[in-house]
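Remarks on the structure that follows.
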Amino acid sequence: MALNYVWIAFFLIGFVVGIIKAFVLGQTGLLSEMMTALFDAAKNGFEISIGLAGIMSLWLGIMKIGERAGVLSVFAKLVSPLFKTLFKDIPKESPAYGSVIMNLSATMLGLDNAATPLGLKAMNELQELNPVKDTATDAQVMFLVLNTAGLTLIPTSVIAMRQTIALEQHVQNFNAADIFLPTLIATFIAFISGMIIVAISQRINLFRLPVILFVCGFGGLIALLHYSLSGMPSDKMNQTIGAIGSTVILSVIILFVTAGMIKRQNVFDNFIEGAKEGFTVAVRIIPYLVAMLAAISVLRSSGCMDYIIGGIAKVVAMCGLRTDFVPALPVALMKPLSGSGARGLMVDVMRHYGVASFQGKLAAIIQGSTETTFYVIAVYFGSVQIKNTRNALVCGLIADLIGLVAAIIVGYIFFAP
């Protein structure tokens, strides 16, 4: 419902400002420009979505191979000690453990299509353990916050969309995976922040071996990568980050294919099955992307977007901070409300400033390291008719804010203009 009001506001505010500029300030050509921008946005939204179909089909086909080969199950077993520590109130024999672990594992691997059904299943199984059916349990709050803080190892959809726009903008030697490490760092910080915030409120002891091993191991790997890159010139650093991201993604593909081959599965048929889902996902995105780009185009072509960004930039400058990051902030403001809305704003930033610009890269990092908090809470809690969500929303939004700050800082560290 919130997205509905935002979408309507974009059109109405842009139209009113356009009318005032045209008939009061004498900018008679503005309304024609706004109409042209509106139809161009619809065309661009369609072209971007169709361009995304090939890449999404490829990736979801590969992911289906890994899923059928049991790689996701193996990953779930590796992280199960961590989640058993965090969900202390779930009985060891409860099937909820498996669903929670599988959902969070799917989220980490970027399997959005698989993650949502698994999440709803996990929430229903957690609800069966709930003595007060209209009030969220500690386990449900932890589960929701970890979902909204969403640690993502590979931001597949963002990388795919960047590649599509780069082809459209004819950017030479573009590596869409150069945001891999910065996004990983930002989303890791958001995930750890959400975990700590909820653990404090639920009095969970995080000084236990599984948690320490996870934080130190993951954090140590990121620190090692950053230390190795810190002494490089910015151009070489960007190339190296892209190479690391490409290596990780290609290694995942080879791992999945090899695992399927070892298990003597029909790897090709599994790929085709997943690829069909990828095309469906790309087609499903079309109306959402067209709707958001159309509304944003009206707001931007009327000059309102520039007023908003300019106003925020002045406040930021008064605080003595740099303002390069401000154009990417609308993505962060929209993301808790709507993933499709934030995606549209990310595309708008990339198209307006360039997919290879600092603003374009930062918008991609923010999109890949934050989650649709209001949507996730509404869908997951709504599916089991929980009315009292306790502190889930507050904890989720705090984790989002920390993730946003981390994304901006990391963006400057790796891609400072």
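The values are calculated or read from the model by the stated rules, or taken from the named source; none is laboratory data. Here the structure is a predicted model, which is why all the values come from computation and not from measurement. Heads up, the Cβs are rebuilt from the backbone with ideal geometry, glycines too, and the neighbour counts pull from every protein chain shown. The area values use the complete protein model at the heavy-atom level, side chains included, leaving out ligands, DNA and RNA. Shrake-Rupley method; radii C 1.70, N 1.55, O 1.52, S 1.80 Å.
The convex hull of the Cα atoms of the stretch 357-417, projected and averaged over all directions, covers 4.3 nm². Across every direction, the projection of the convex hull enclosing the Cα atoms of the stretch 249-325 has a mean area of 8.9 nm².
Reachable lysines from Lys64, Cα under 25 Å, same-chain residues fewer than 8 places away excluded? Within the straight-line limit of under 25 Å, Lys64 reaches these lysines: Lys77, Lys121, Lys263, Lys276. Coupling constants for the stretch 306-321 follow from the phi torsions by the Karplus curve (6.51 cos²θ - 1.76 cosθ + 1.60, θ = phi - 60°), and in residue order they are 5, 5, 5, 5, x, x, 5, 4, 5, 5, 5, 5, 5, 7, x, 9 Hz; glycine and proline get x. Rounded to the nearest whole Hz, the Karplus-based 3J(HN,Hα) values (6.51 cos²θ - 1.76 cosθ + 1.60, θ = phi - 60°) of the stretch 192-202 follow the sequence 5, 4, x, 4, 5, 4, 5, 4, 5, 5, 9, with x at glycine and proline. Per residue, the Cα convex hull of the stretch 58-98 amounts to 81 Å³. Relative contact order, percent, of the chain when contacts are C-alpha pairs under 8 Å separated by at least 6 residues? It rounds to 30 percent for the chain. Where does the Debye-calculated log10 I(q)/I(0) of the stretch 165-267 sit at q = 0.15, 0.16, 0.18, 0.20 Å⁻¹, using only Cα point scatterers of equal weight, no solvent? Treating every Cα as an identical point scatterer, log10 I(q)/I(0) equals -0.87, -0.92, -1.00, -1.06.
When only the Cβ of Lys, Arg, Asp and Glu is charged (+1, +1, -1, -1), the dipole of the chain relative to its Cα centre reaches about 500 debye.
If R0 equals 60 Å, the separation of the Cβ atoms of Gln202 and Phe15 corresponds to a calculated FRET efficiency of about 0.80. Calculated on the Cα set of the stretch 1-101, radius of gyration then Dmax: 25.3, 72 Å. Counting only protein heavy atoms and a 1.4 Å probe, the stretch 167-315 has 53 square angstrom of accessible area per residue. Between the amide H of Val355 and any residue lying 5 or more places away or on another chain, no distance stays under 5 Å, with hydrogens modeled in the peptide plane.
Computed as a quarter of the hull surface, the mean projected area of the alpha carbon convex hull for the stretch 91-217 stands at 9.6 nm².
Summarised as an ellipsoid, the stretch 320-370 has semi-axes of 16, 13, 8 Å, derived from the eigenvalues of the Cα gyration tensor scaled by 5 and square-rooted, with the largest first. Expressed as a whole percent, the accessible area of the chain that falls on carbon and sulfur atoms is 67 (1.4 Å probe). Take the Cα pairs of the chain, get the Kirkwood Rh, then feed it into Stokes-Einstein at 4 °C and 1.567 mPa s and tell me D in µm²/s. Stokes-Einstein gives a translational diffusion coefficient of 58 µm²/s.
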